[in-house]
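The structure appears below as structure tokens.
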Amino acid sequence: MTGRRFTRLALAASMLAAWSAAGQAQQVRDDEAVARGKAKYEHTCAPCHGRGAGDDGRVMLPGTAALAIKYRGELPPALEDRQGLTADTIRAFVRNGSFSMPPFRPTELTDREIDDIAAYLAVSSSAAAAGSQR
Amino acid sequence: MAILPPGVDAGRFAAAIRRFEEIVGPEWVFTSDEDLHPYRDHFSYLKDQPNEPIPSAAVGPDRVEQVQDIVRAANEFRIPLYAISTGKNFAYGGPAPNVRGSVTVDLKRMNRVLEVDDKRHFALVEPGVSYIDLYDYIQERGLKVWIDTPDPGWGSPVGNALDHGIGYTLGFYRDHFGAHCGMEVVLPNGELMRTGMGAMPSAKTWQEYRHGYGPDPAGLFAQGNFGIVTKMGFRLMPQPEHWRNGLITVPKRRDLIPLIETVNYMTDLFMIGEPWYGSPLRQLMGNTEFREAAGRFDEEEMDRQAAAARLHSWQVELQFYGSERTTLANWEYAKELVARAVPQARFTDGESLPVPLTKEQIHETTGPYPTNMRRNVTQGVPGLGIWYMTGRSEMNPNAWDETHVGLFSAVPRSGEGVLEAQQVFARIARDLEIPSFNNALGTPVNWYQFTFLMGAGFGIPRDYTPEGKKRAADILRRILEENAKHGYGDYRAPPILQDDVADQYSFNDHVLRRFHETLKNAIDPNGVVSPGRGGIWPAAYSSFRGALRG
Ligand SMILES: Cc1cc2nc3c(=O)[nH]c(=O)nc-3n(C[C@H](O)[C@H](O)[C@H](O)COP(=O)(O)OP(=O)(O)OC[C@H]3O[C@@H](n4cnc5c(N)ncnc54)[C@H](O)[C@@H]3O)c2cc1C
């Protein structure tokens, strides 16, 4: 897909631009990415990776439950609490699939949407970390 | 690893790809290994084998006209297509095609909810609309209708119905194909057809009168390959005001017969939602003496041990939709009917809740009795919690179910039928020398209102090496064969088993398949639409029959 390299560059560029004079406009664009990422995450990922109980009352949703077993407390099982998940890392997992998580096709999850989800998870996980330090 | 469509050279393939790019735009044509990876079956028995059905490309149209142009181009370049809607057909092949090298037509981007009417109770949707999408659409607008969702909510009304999928509310709606009303199809020559009242240009009843006039070909498009469906209507259940459940148990093995007869009566009077059968005796399976008696199907001994453990042999959980009072009256009537048939039956009231249930009520798993019911789906609320079945668990912390597959056969809807199927399944397991679990306590699923499906308790070896997977697939084929000898037919199958299942519907020298293939060759002379799907092979690809067996 042709858009992929472009979005990655755009993201890198966006981080630099945040320091520049155009910082304010950039902030708005970042907030928009986070909002888009949150919506997409809630629709497409949270039914397996959410923080809440399973939809049938099980303790955890299946993605969260599997990651709890995988990491045994070394990393938080809910992706929204997990720091350091870059767009590239997420992309590698969701395009290849991982254990019982099947891969996602570009028609259901575009590269730009993966970037948005990464932006959202960065914000949600720092908020979670700040919360747990208090 | 470039894969080409069968019989197509690189030059012709490149020209076809250019045409597809003109039709949908280059960003929606996928040819790299990386982009095509998610078009393979994540649970494949043939992963990385030379005959794994991997597409050569995928195309993502966003409008009906584009689908028509893709089909026309496929005819011109002689390229086999494979259409998917949401492509989540896991346990039945995932998004993967029947023919290696097909071009997958991925309809996910056609994801518009075209209409939901909560006075006349129907929806009209495009193929890419998932159950979760449709549910959200209805909730956001506060419409007073329910969807009937399968367990995983990321599939689609269109894709699920086209593989005869099922759900969990009232009987009529649980049969997703049965509850469809009107479809729009791109035929193999690129023409657009509408079924039912959709064939009358000015009709305002497309989603209300399914038959239209004359033979209704709609059935050809489910588990078949006669066209690409681009719209489908579905009847929707009005949101009821109240939901109630209750549990019935009966003491003896043979009590299953009058129990099922009575529940069938209620089902066919449209009095209850899906009944969930089970056996309280499963808790005795850890006990050697009981397990051995169950292994021998020694009914007297099983009854004796059940009585000693003060357990009943069978249970069924009933559900009622309506008002507080009508659901109560129906539950009382259900008790009366069962007590007449089995005087020793016991009854436990479940819960009685106004609809919509709160999140806490949907999550409630500590009701008055233990249940396996997943309450969210009985309320038409989609989710993905069921995915736990395929993943790591405390018992298997470093493994996942890499070859998860569905195998459910239609057995007669009677107690005698169920008790016989249990013995047949146990015998098959013995003959194939594979472990047999709980077969003497096996109960049917009543997903389809008028059908019992039973999944046998077989232990298919979990050896995920290529040889292990091949052995497992061979076992599945032998189970299918043995089942068919007893008249038990699979309702659905992944591409690796579709030829085998279709083979068993062989009355009068396979006249049904010959009929399908005569039609197929007539309307799809180049065989471009999903060749092999449902075991229906057009002449152009007939040499591929059974290619996924090897
Ligand atoms: C743990 C687990 C639980 C499950 N529970 C259920 C359940 O409760 N109920 C149930 O029904 N299934 C269940 N399944 C099976 C399956 O996952 C679902 O049925 C799923 O909804 C099917 O995928 P889909 O809706 O995305 O359909 P798709 O994958 O889009 O379509 C299925 C097939 O239909 C054909 N098709 C699709 N769209 C078109 C079209 N537009 N034109 C022509 N042909 C088309 C294709 O051959 C395609 O492969 C379960 C699977 C698992 C693993």
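The values are calculated or read from the model by the stated rules, or taken from the named source; none is laboratory data. Since the model is a prediction, treat every value here as computed from it, not as a measurement. Every residue, glycine among them, receives a Cβ derived from its backbone with ideal geometry; neighbour counts consider all protein chains shown. For accessibility, only protein heavy atoms count, side chains too; no ligands or nucleic acids. Shrake-Rupley method; radii C 1.70, N 1.55, O 1.52, S 1.80 Å.
I need a count of the residues in the range B:105-146 that are more than 10 Å from the ligand (Cβ to nearest atom), assigned to a loop (DSSP other than H, G, I, E, B) and open to solvent by 10 Å² or more (accessible area, probe 1.4 Å). Qualifying residue count, the range B:105-146: 10.
Would you confirm, using the coordinates I've provided, whether A:A92 is modelled with pLDDT of 95 or more and within 13 Å of chain B (Cβ to nearest Cβ)? So A:A92 fits the description; yes. Looking at the range B:498-520, is at least one residue touching a residue at least 40 places away in the same chain (Cβ under 8 Å), under 30 Å from B:P444 (Cβ atoms), assigned to a helix (DSSP H, G or I) and touching a Phe, Trp or Tyr at 6+ places or on another chain (Cβ under 8 Å)? No, because not a single residue in the range B:498-520 is touching a residue at least 40 places away in the same chain (Cβ under 8 Å), under 30 Å from B:P444 (Cβ atoms), assigned to a helix (DSSP H, G or I) and touching a Phe, Trp or Tyr at 6+ places or on another chain (Cβ under 8 Å).
Cβ separations smaller than 8 Å between residues 6+ apart or across chains give the following pairs from the range B:81-95 residues that are farther than 20 Å from B:V29 by Cα and more than 8 Å from chain A (Cβ to nearest Cβ) to residues that are more than 6 Å from the ligand (Cβ to nearest atom) and of a type in the set (D, E): B:G93/B:D41. If you check B:D35 against the conditions, is it modelled with pLDDT of 95 or more, more than 14 Å from A:P102 (Cα to Cα) and out of contact with any strand residue (DSSP E or B) (no Cβ under 6 Å at 6 or more places or on another chain)? Against the criterion (modelled with pLDDT of 95 or more, more than 14 Å from A:P102 (Cα to Cα) and out of contact with any strand residue (DSSP E or B) (no Cβ under 6 Å at 6 or more places or on another chain)), B:D35 does not qualify. Restricting attention to the range B:500-530, the residues that are of a type in the set (A, V, I, L, M) and buried (at least 21 other Cβ atoms within 10 Å of the Cβ) add up to 4. Could you check, for the range B:423-440, whether at least one of its residues is within 16 Å of the ligand (Cβ to nearest atom) and outside the structural domain of B:D303 (by TED's automatic domain parsing)? No; the residues of the range B:423-440 include none that is within 16 Å of the ligand (Cβ to nearest atom) and outside the structural domain of B:D303 (by TED's automatic domain parsing).
Collect the residues in the range B:313-337 that are small (G, A, S) and either under 20 Å from B:P354 (Cα atoms) or in a helix (DSSP H, G or I) (or both), keeping them in residue-number order. Within the range B:313-337, B:G322, B:S323, B:A329, B:A334 meet the criteria. Quick check on B:A58: is it touching a Phe, Trp or Tyr at 6+ places or on another chain (Cβ under 9 Å), open to solvent by less than 30 Å² (accessible area, probe 1.4 Å), within 14 Å of chain A (Cβ to nearest Cβ) and within 11 Å of the ligand (Cβ to nearest atom)? No.
For B:E317, state whether it is of a type in the set (D, E, K, R) and open to solvent by 50 Å² or more (accessible area, probe 1.4 Å). It is false that B:E317 is of a type in the set (D, E, K, R) and open to solvent by 50 Å² or more (accessible area, probe 1.4 Å). B:P6 fulfils the conditions (1) farther than 18 Å from B:L497 by Cα; (2) within 16 Å of the ligand (Cβ to nearest atom) except for a single criterion, (2). Of B:N483, B:N446, B:N438, all but one fail to be open to solvent by less than 40 Å² (accessible area, probe 1.4 Å), away from chain A (no Cβ under 14 Å) and closer than 27 Å to B:G246 by Cα; the exception is B:N446. The residue list A:L109, A:L79 contains one member that is under 15 Å from the mean Cα position of the chain (by Cα), modelled with pLDDT of 95 or more and more than 24 Å from B:D33 (Cα to Cα), which is A:L79. Restricting to the range B:147-171, name every residue that is in a loop (DSSP other than H, G, I, E, B) and within 14 Å of another protein chain (Cβ to nearest Cβ). Those that are in a loop (DSSP other than H, G, I, E, B) and within 14 Å of another protein chain (Cβ to nearest Cβ): B:T149, B:P150, B:D151, B:G153, B:W154, B:G155, B:S156, B:Y168.
Screening the candidates B:D41, B:D33 for the property of being within 14 Å of chain A (Cβ to nearest Cβ), loosely packed, with under 15 Cβ neighbours inside 10 Å, more than 21 Å from B:A540 (Cβ to Cβ) and not β-branched (V, I, T) yields one hit, B:D33.
Taking the range A:35-81 as the search range and keeping residues that are under 16 Å from A:A127 (Cβ atoms) and surrounded by fewer than 20 Cβ atoms within 10 Å (Cβ to Cβ), which one is farthest from the other protein chains (Cβ to nearest Cβ)? In this case the residue turns out to be A:D81.
Within the range B:181-235, the residues that satisfy the criterion of being more than 10 Å from the ligand (Cβ to nearest atom), assigned to a strand (DSSP E or B), free of Cβ contacts under 8 Å to residues at least 60 places away in the same chain and open to solvent by less than 40 Å² (accessible area, probe 1.4 Å) are B:C181, B:G182. Restricting attention to the range B:410-426, the residues that are crowded, with 16+ Cβ neighbours inside 10 Å and touching a His at 6+ places or on another chain (Cβ under 9 Å) add up to 3.
Residues that are in a loop (DSSP other than H, G, I, E, B), open to solvent by 30 Å² or more (accessible area, probe 1.4 Å), among the polar types (S, T, N, Q) and more than 7 Å from chain A (Cβ to nearest Cβ) within the range B:348-392 comprise B:T358, B:T366, B:T371, B:N372, listed in sequence order.
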